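To keep things clear, I will list the structure first and then write my remarks on it.
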């Protein structure tokens, strides 16, 4: 029953046009290794939102993020960034509007934190102007915002996992794009560093950035997202404010996980408490 | 605002391009350039026929006649220019491939591109008996590119890159070396004899006829690689990050590979497959100059290494002039063993 409801919702929302959505996709089909991961998916990222995409492994959430960022070319459908078709935009032009923190980024050996953050300035530079005072100011601001300013002279390979991830976020910030896409930015971090990063993202969102993140942790998503997209099998099952859409039925449907939903005593957002098969009698 | 600390002393250059330059990298590069100049001067002056430095310089600027001119300009200068320009080409070629494969072993002399270029040159030389340098060079470039295509085709199946590429390259390199030996053995012409002489890489008997065009091509490609350095540094962050920063990754990677292959193939068509320079120059330059965005330290180090090796090769054994490849191969062998051990140790620590 919930299924049909959600599908109705999906169809309504798929055709509803959000005013000034900075990034939207229409009837998207994306394949990877000849397998259709996403089929006929339409989505709009609300302006000034902190959108979080959740779903079980292999549901297509990272694929969707990669397609939205222009890393994967969709087979069918189109993506519109800032009112212009992504396929018709030059890669540097895209990079000035949309930043991405990929999962797979590698820090070259011997690079310092500030040097890595400065790499984010690439789309704003040219052969003859490879550095400017503006670049320096923006790198400093990005490191200030992520609390990595004191690490600037340190080698990236010598930083802790949490520090390193914040440096990567600073690099994406230095790109100075109104839109920032994050692919599982908190994976492999301990809980304190995860919360620290989520707070940073929420703060960046408050300052006017539109953020889109793929996350594994449902509770982080429910607490910090202003807009939640739940995916399963390459489809969007539900989307909206976490408080409106996170229900026991939704979690059971999307993750196949029986749970109880209580109110987060700190933020009053939904808090998911898994029951687990053993306790489900 | 307090200036940001980049972890090393830097100055901002405003001309010819506005960029940050590490003070240490710049200083080391200048010292290496000084070394190149001193070695070049020594190579021009010393030899069976001693020439005063002032006469040698005069000869270069057309102020000498007869034997002095012939010795300095025709024999020694062509050799010095070849060592400097080809050394720089090999150094940059190595730097590009090591960066693309993200591995210090991923240099063109290890992963078969120099052997492939030599195969190409041999096929043209022995097959057609061609003496036209343009044809031999074209053969070398074609051989290098063909090897690159094969290595990449072998390595990219399944998607993983770096280390697979090196293994595939080493295997192909071994096969190509035996193919080269077979080509030489099965041919009994004079061409084979002279080709075999630079089988290990030699600057003996090079002349302006070959050095001039090959140097011009190499210099143009060095300039081209300079234009692509920024994209190369972005690709080091991984394909996704580079793309997210607006690098057209397929195009940039293709250009970089093509440039680096030709930077190996053209010097190889003149002096044969000289090993070690492409492998070691970028790494030594890095260790001395610190990590640098520029390819210039690797280029200057390459020039210094090849020039120094050739200087040694001409004087190490009294009465004989060794091929420069013998010197680089002996040095390179030691370096390679050390590199493999330190890599293995690092792997254990990881």
Two pseudo-spin positions, 7 Å from Cα along C-beta at residue A:195 and at residue A:36, lie apart in nanometres by 4.4 nm
Assuming R0 = 45 Å, what is the FRET efficiency of residue A:137 and residue A:249, from their Cβ-Cβ distance, to the nearest 0.05?
0.35
From fewest to most C-beta neighbours within 10 Å, the residues B:206, A:169 line up as B:206, A:169
Efficiency of FRET from Cβ geometry, residue B:316 and residue B:344, R₀ 35 Å, rounded to 0.05
0.65
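So what's Rg/Rh here for chain A, counting alpha carbon atoms and using the Kirkwood radius for Rh?
Using Cα coordinates only, the ratio equals 0.98.
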Using the Kirkwood radius over Cα pairs, work out the Stokes-Einstein diffusion coefficient for the stretch A:79-159 at 20 °C and 1.002 mPa s, in µm²/s as a whole number.
149 µm²/s
If you bin every alpha carbon distance in the stretch A:174-281 into 10 Å steps from zero, what whole percent lands in each bin?
13, 43, 35, 8, 1, 0
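Which whole-number percent of Cα pairs in the protein assembly as shown have a distance greater than 45 Å?
32 percent
Give the order of B:74, A:93 when sorted by the count of other beta carbons within 10 angstrom, beginning with the fewest.
Sorted ascending by nearby Cβ count, the order is B:74, A:93.
Taking the number of other C-beta atoms within 10 Å as the exposure measure, put B:54, B:167, B:4 in order starting with the fewest. Walk me through the numbers before you get to the answer.
Working: B:54 10, B:167 15, B:4 23.
Listed from fewest to most nearby Cβ atoms, that is B:54, B:167, B:4.
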One finds the C-alpha centres of the stretch A:248-281 and the stretch B:9-62 to be spaced, in Å, by 71 Å
Its Cα gyration tensor gives chain B an equivalent ellipsoid whose semi-axes in whole Å, largest first, are 32, 27, 18
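None of the figures in this text is laboratory data; all of them are computed from the coordinates on show. Bear in mind the structure is a predicted one, so any value in this text is a computation, not a measurement. Positions of Cβ are backbone-derived with ideal geometry, glycine not excepted, and every protein chain shown enters the neighbour counts.
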